[in-house]
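Since the structure comes first, as C-alpha coordinates, the remarks are kept for the end.
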Amino acid sequence: MRRFNFFAFVGSVFVNFILFWLIAIVLLTVLLTVWGMLGAGLAAPVVIIWQFITAAHIFDIGRLMISCGMLLMSLVVIPIAWKITCYIGCILKAYYRYNVNSIVCEVIPREANDDYRK
(Lines give C-alpha, C1' and ligand atoms only; values in the text may rest on other atoms or scores of the structure.)
Protein backbone atom coordinates (compact mmCIF):
# COMPACT_ATOMS: atom_id res chain seq x y z
CA MET A 1 0.00 0.00 0.00
CA ARG A 2 1.37 3.42 -0.89
CA ARG A 3 0.67 6.70 0.85
CA PHE A 4 1.30 10.27 -0.25
CA ASN A 5 3.58 12.26 2.10
CA PHE A 6 2.47 15.90 1.90
CA PHE A 7 5.39 17.35 3.91
CA ALA A 8 7.96 15.57 1.75
CA PHE A 9 6.16 16.90 -1.31
CA VAL A 10 6.27 20.51 -0.06
CA GLY A 11 9.95 20.22 0.90
CA SER A 12 10.79 18.62 -2.41
CA VAL A 13 8.99 21.36 -4.35
CA PHE A 14 10.81 24.14 -2.50
CA VAL A 15 14.23 22.52 -2.85
CA ASN A 16 13.66 21.64 -6.50
CA PHE A 17 12.46 25.09 -7.51
CA ILE A 18 15.16 26.95 -5.62
CA LEU A 19 18.25 24.76 -5.92
CA PHE A 20 17.68 22.08 -8.52
CA TRP A 21 16.57 24.38 -11.34
CA LEU A 22 19.41 26.82 -10.71
CA ILE A 23 21.94 23.99 -10.80
CA ALA A 24 20.30 22.41 -13.85
CA ILE A 25 20.33 25.72 -15.75
CA VAL A 26 24.01 26.30 -14.96
CA LEU A 27 24.95 22.72 -15.93
CA LEU A 28 22.93 22.89 -19.14
CA THR A 29 24.55 26.20 -20.09
CA VAL A 30 28.04 24.86 -19.44
CA LEU A 31 27.38 21.62 -21.33
CA LEU A 32 25.90 23.43 -24.34
CA THR A 33 28.89 25.76 -24.40
CA VAL A 34 31.37 22.88 -24.26
CA TRP A 35 29.58 20.96 -27.02
CA GLY A 36 29.32 24.11 -29.13
CA MET A 37 33.05 24.73 -28.80
CA LEU A 38 33.80 21.11 -29.70
CA GLY A 39 31.56 21.39 -32.77
CA ALA A 40 33.35 24.59 -33.80
CA GLY A 41 36.69 22.84 -33.38
CA LEU A 42 35.55 20.01 -35.62
CA ALA A 43 34.33 22.41 -38.31
CA ALA A 44 37.27 24.85 -38.17
CA PRO A 45 39.46 23.35 -40.94
CA VAL A 46 36.47 22.96 -43.25
CA VAL A 47 35.52 26.61 -42.68
CA ILE A 48 39.07 27.81 -43.42
CA ILE A 49 39.19 25.83 -46.67
CA TRP A 50 35.67 26.98 -47.63
CA GLN A 51 36.65 30.61 -47.06
CA PHE A 52 39.60 30.16 -49.41
CA ILE A 53 37.49 28.46 -52.09
CA THR A 54 34.82 31.17 -52.03
CA ALA A 55 37.47 33.92 -51.91
CA ALA A 56 36.12 35.29 -48.64
CA HIS A 57 39.65 35.22 -47.14
CA ILE A 58 43.14 34.83 -48.50
CA PHE A 59 44.79 31.51 -47.73
CA ASP A 60 46.99 31.61 -44.63
CA ILE A 61 48.88 28.51 -43.54
CA GLY A 62 48.94 29.74 -39.95
CA ARG A 63 45.13 29.84 -39.75
CA LEU A 64 44.93 26.37 -41.27
CA MET A 65 47.44 24.97 -38.74
CA ILE A 66 45.57 26.55 -35.83
CA SER A 67 42.27 25.14 -37.10
CA CYS A 68 43.86 21.68 -37.45
CA GLY A 69 45.08 22.01 -33.86
CA MET A 70 41.52 22.84 -32.82
CA LEU A 71 40.31 19.76 -34.70
CA LEU A 72 42.79 17.49 -32.93
CA MET A 73 41.98 19.00 -29.54
CA SER A 74 38.26 18.51 -30.17
CA LEU A 75 38.80 14.87 -31.14
CA VAL A 76 40.69 14.28 -27.88
CA VAL A 77 38.15 16.06 -25.67
CA ILE A 78 34.93 14.62 -27.19
CA PRO A 79 35.11 11.25 -25.32
CA ILE A 80 35.76 13.05 -22.04
CA ALA A 81 32.86 15.46 -22.61
CA TRP A 82 30.60 12.54 -23.52
CA LYS A 83 31.46 10.70 -20.28
CA ILE A 84 30.84 13.85 -18.22
CA THR A 85 27.51 14.47 -19.97
CA CYS A 86 26.38 10.88 -19.34
CA TYR A 87 27.50 11.07 -15.70
CA ILE A 88 25.56 14.30 -15.11
CA GLY A 89 22.51 12.72 -16.76
CA CYS A 90 22.74 9.70 -14.45
CA ILE A 91 23.03 11.94 -11.39
CA LEU A 92 20.00 14.01 -12.40
CA LYS A 93 17.97 10.85 -13.12
CA ALA A 94 18.90 9.36 -9.72
CA TYR A 95 17.97 12.64 -8.01
CA TYR A 96 14.59 12.62 -9.75
CA ARG A 97 13.93 9.03 -8.66
CA TYR A 98 14.93 9.88 -5.09
CA ASN A 99 12.42 12.76 -5.04
CA VAL A 100 9.60 10.59 -6.37
CA ASN A 101 10.38 7.85 -3.84
CA SER A 102 10.51 10.34 -0.96
CA ILE A 103 7.10 11.81 -1.82
CA VAL A 104 5.32 8.45 -2.03
CA CYS A 105 6.15 6.07 0.81
CA GLU A 106 5.17 2.46 1.31
CA VAL A 107 2.97 1.65 4.32
CA ILE A 108 2.48 -1.82 5.75
CA PRO A 109 -1.18 -2.48 6.59
CA ARG A 110 -1.92 -3.19 10.26
CA GLU A 111 -3.24 -6.68 9.46
CA ALA A 112 -0.01 -7.69 7.72
CA ASN A 113 2.01 -6.25 10.60
CA ASP A 114 -0.02 -8.27 13.16
CA ASP A 115 0.46 -11.47 11.15
CA TYR A 116 4.20 -10.87 11.13
CA ARG A 117 4.37 -10.62 14.95
CA LYS A 118 2.65 -13.97 15.51
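The values are calculated or read from the model by the stated rules, or taken from the named source; none is laboratory data. For clarity, every value in this text was computed on a predicted model and none was experimentally measured. A quick note on method: Cβ atoms are made from the backbone with ideal geometry, for glycine too, and the neighbour counts reach across all protein chains shown. What goes into the accessible areas is simple: the full protein's heavy atoms, side chains included, and nothing from ligands, DNA or RNA. Shrake-Rupley method; radii C 1.70, N 1.55, O 1.52, S 1.80 Å.
Please list, in order, the residues from segment 35-50 whose amide nitrogen is less than 20 Å from a point placed 7 Å along the Cα→Cβ vector of Val76.
Once the point is set 7 Å along Cα→Cβ of Val76, 35-46 turn out to lie under 20 Å by backbone N, inside segment 35-50.
At a 1.4 Å probe, what is the % contribution of carbon and sulfur to the accessible area of segment 7-73?
Ligands and nucleic acids excluded, carbon and sulfur give 88 percent.
From the backbone phi of segment 84-99, what are the Karplus-calculated ³J(HN,Hα) couplings (6.51 cos²θ - 1.76 cosθ + 1.60, θ = phi - 60°) in whole Hz, Gly and Pro given as x?
5, 4, 5, 5, 5, x, 5, 5, 5, 5, 5, 5, 4, 4, 4, 5
Hey, rough spin-label estimate for Ile23 and Lys83, points 7 angstrom out along Cα→Cβ, what's it come to in nanometres?
Placing both labels 7 Å along Cα→Cβ, they lie 2.2 nm apart.
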